[in-house]
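Heads up: the structure comes next, in structure tokens.
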Amino acid sequence: MAEVGVRAEPDPSHGDTWVVGVDGSECSRRAALWASANIEQRANELQLVSAWSMAATAGMSPMNPLITSSTLDALAEASAATVSALARDLTPPAGVAVTTGVGRCGAATLLLDAADDAELLVVGSRGRGGFARLVLGSTSTQCATHSSAPVAIIPSTTPATRPRSIVVGFDGSPNSVAALEWTLDFADPGSSIECTFVWDAAPLTVGSDQFFFPEASDLACERFEHLVATASRAHRRTAVDVRSTFVEGSPRAALSAAATACDLLVTGARGHGAIGAAVLGSVSTWLLHNVHTAMVVVPQERRDPEAGDRAVGDHELGDHDGEARE
């Protein structure tokens, strides 16, 4: 990624960087404003990046002879001007550097590469190429699905303020534990975290037989409250109000309703119900496309080489499939 302008140099004693995807849309502008309002005491560099490229069919069109190096330079300069103009509009807190960069490649590729070294990737829910009927654009979807860093997806209606009420979708999977731990680190003193577990009590159907164990719900609730209490004690966030809510019903419906009453919704990238080959779980994917609240998708913690196949902080709530049957 080529640097096109730097407003300030980051403090070399700290390496925490937030990356914001910029494409000139109102959603990407809102994402940058949200990041600027939330970065204080969490990171020291706000990196605004923008991608440009030629359409794959451009070289085969009748206009191909007119595509020269000056045409490519103009595209790069336009992208650089867009990201630089947004950087000038931001008023980051003291000690936070705002850097800008552009690259010639697909937007998702550029952002995912930048996220490898970042603490948070921030994108708008829809870019300039999104259809009006879609809540989430293709670039945002790819970032939330494949990023190695947590991804914040910011709708154009999100205020540029720090969240005071946060809902965490929790099902006991390693990804949901990682989501709760991330939220405990992120939450401001005086804010509230509502950790919500949705137990799908619909009977499991195998052929013509049905199996339902009422006591499983009680056991799941006890295990859920234990995991939340353990994580809260480990982080010692006494200034943050952490509550646990156990709900029986559809994960999609319950979390969607909870999202309407909070400032930020946090989920893991995959839950217990996700197919092994899928990176983003069905519930998280549905929420990304259907809620209008700022949302953060947290990937599972990186694995400890000495821990074998079990992830760091890996906890199990049980075998109940919390995502596959919502």
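A few comments on the model shown:
- Listed conditions (1) open to solvent by less than 70 Å² (accessible area, probe 1.4 Å); (2) on the phi < 0 side of the Ramachandran plot; (3) modelled with pLDDT under 50 are all met by V22, apart from (3).
- Considered as a group, the residues in region 82-105 that are in a strand (DSSP E or B) and more than 22 Å from D16 (Cβ to Cβ) include one that is modelled with the highest pLDDT, and that residue is V102.
- Taken over region 150-191, the criterion of being of a type in the set (G, A, S) and open to solvent by less than 20 Å² (accessible area, probe 1.4 Å) is satisfied by A152, G169, G172, S173, S176, A178, A179, A187, S191.
- All positions within region 221-242 that are assigned to a loop (DSSP other than H, G, I, E, B) and modelled with pLDDT of 85 or more: A239, V240
- When restricted to residues that are in contact with a Ser or Thr (Cβ under 8 Å, 6 or more places away or on another chain), open to solvent by less than 10 Å² (accessible area, probe 1.4 Å) and hydroxyl-bearing (S, T, Y), region 80-119 contains 1.
The values are calculated or read from the model by the stated rules, or taken from the named source; none is laboratory data. Since the model is a prediction, treat every value here as computed from it, not as a measurement. Note that we place each Cβ from the backbone using ideal geometry, even for glycine, and neighbour counts take in every protein chain shown. The protein model used for the area step is the full one, side chains on, heavy atoms only, and it has no ligands, DNA or RNA in it. Shrake-Rupley method; radii C 1.70, N 1.55, O 1.52, S 1.80 Å.
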